Structure formats: structure tokens, C-alpha cells
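Asker: My questions all concern the structure below.
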Amino acid sequence: MHTSMPYTQQCSRCGRVVDPASADYIDWQAYGDGTTVCPGCLTPSDRQDGEAALLTEGENDAILRDLDPDNDTR
């Protein structure tokens, strides 16, 4: 007896496989060229492409900005 594999999507970066009908697929990013990227591989620029950027600042962001030698905001 032959059973067919359900339709799955694979992360183009790490190879992780997910069923697009599952709740796990909600956080994946799909691109027009057919590639998909899992949440673990998404970069900040990936997240800004299709979604509004999160504009809150983490507690360490101000410290890191102050330590940045290229920061000329002062």
C-alpha cells in the first residue's frame, strides 16, 4: 500500500520542513520567488519586508548604541 506524502514547505536556509496547514507555518515568511524561510532563520530585514517593524527598544539597545563608535547622535 502506497501512502502519499502530505504537502510540505522547506526553509530555504536551514532545510527545516513544515506542513503549511499547521499552526507552526504562521510565522514563516514566503516570498514571491517560491522560497520560504522559517522563523529561526528570519533576519530583521526579512521581518520588515512584509510586516510592520517593531519599534520598541530593548533594554540593551541604548547601551549598544552608546558603545558604537560610528554613532554620531550625540
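Asker: Contact list please: Cβ distance under 6 Å, first residue in segment 23-43 and among the small types (Gly, Ala, Ser), second residue assigned to a strand (DSSP E or B), pairs at least six apart or on different chains.
Answerer: Ala30/Thr36
Asker: Does Gly34 meet the test of being open to solvent by less than 100 Å² (accessible area, probe 1.4 Å), assigned to a loop (DSSP other than H, G, I, E, B) and modelled with pLDDT of 90 or more?
Answerer: Details: open to solvent by less than 100 Å² (accessible area, probe 1.4 Å): yes; assigned to a loop (DSSP other than H, G, I, E, B): yes; modelled with pLDDT of 90 or more: no.
No.
Asker: Right, something else. Taking the stated definitions as given, is Asp19 among the acidic types (Asp, Glu) and either modelled with pLDDT under 90 or open to solvent by 100 Å² or more (accessible area, probe 1.4 Å) (or both)? Walk me through how you get there before you give the answer.
Answerer: On the way: among the acidic types (Asp, Glu): yes; either modelled with pLDDT under 90 or open to solvent by 100 Å² or more (accessible area, probe 1.4 Å) (or both): no.
Judged against the criteria, Asp19 is not a match.
Asker: Additional query: Name the single residue, out of those in segment 38-62 being outside any loop (DSSP other than H, G, I, E, B) and modelled with pLDDT under 75, that is nearest to the chain's Cα centre (by Cα).
Answerer: Of all residues in segment 38-62, those outside any loop (DSSP other than H, G, I, E, B) come to 39-41, 44-50, 61-62.
After this cut, where a residue has to be modelled with pLDDT under 75 as well, the list is 47-50, 61-62.
Details: Arg47: 6, Gln48: 9, Asp49: 10, Gly50: 10, Asp61: 20, Ala62: 24 Å.
This residue is Arg47.
Asker: Name every residue in segment 1-16 that is open to solvent by 90 Å² or more (accessible area, probe 1.4 Å) and at pLDDT below 90, in order of residue number. Explain how you work it out, then say what you get.
Answerer: Taking segment 1-16 as the starting set, the residues that turn out to be open to solvent by 90 Å² or more (accessible area, probe 1.4 Å) are 1-5, 7, 10, 13, 16.
The answer is Met1, His2, Thr3, Ser4, Met5, Tyr7.
The values are calculated or read from the model by the stated rules, or taken from the named source; none is laboratory data. Please read these numbers as outputs of a predicted model, since none were measured by experiment. Quick reminder, even Gly has a Cβ in these numbers, built from the backbone with ideal geometry, and neighbours come from all protein chains shown. Quick note on the areas: whole protein, heavy atoms, side chains included, nothing else; ligands and nucleic acids left out. Shrake-Rupley method; radii C 1.70, N 1.55, O 1.52, S 1.80 Å.
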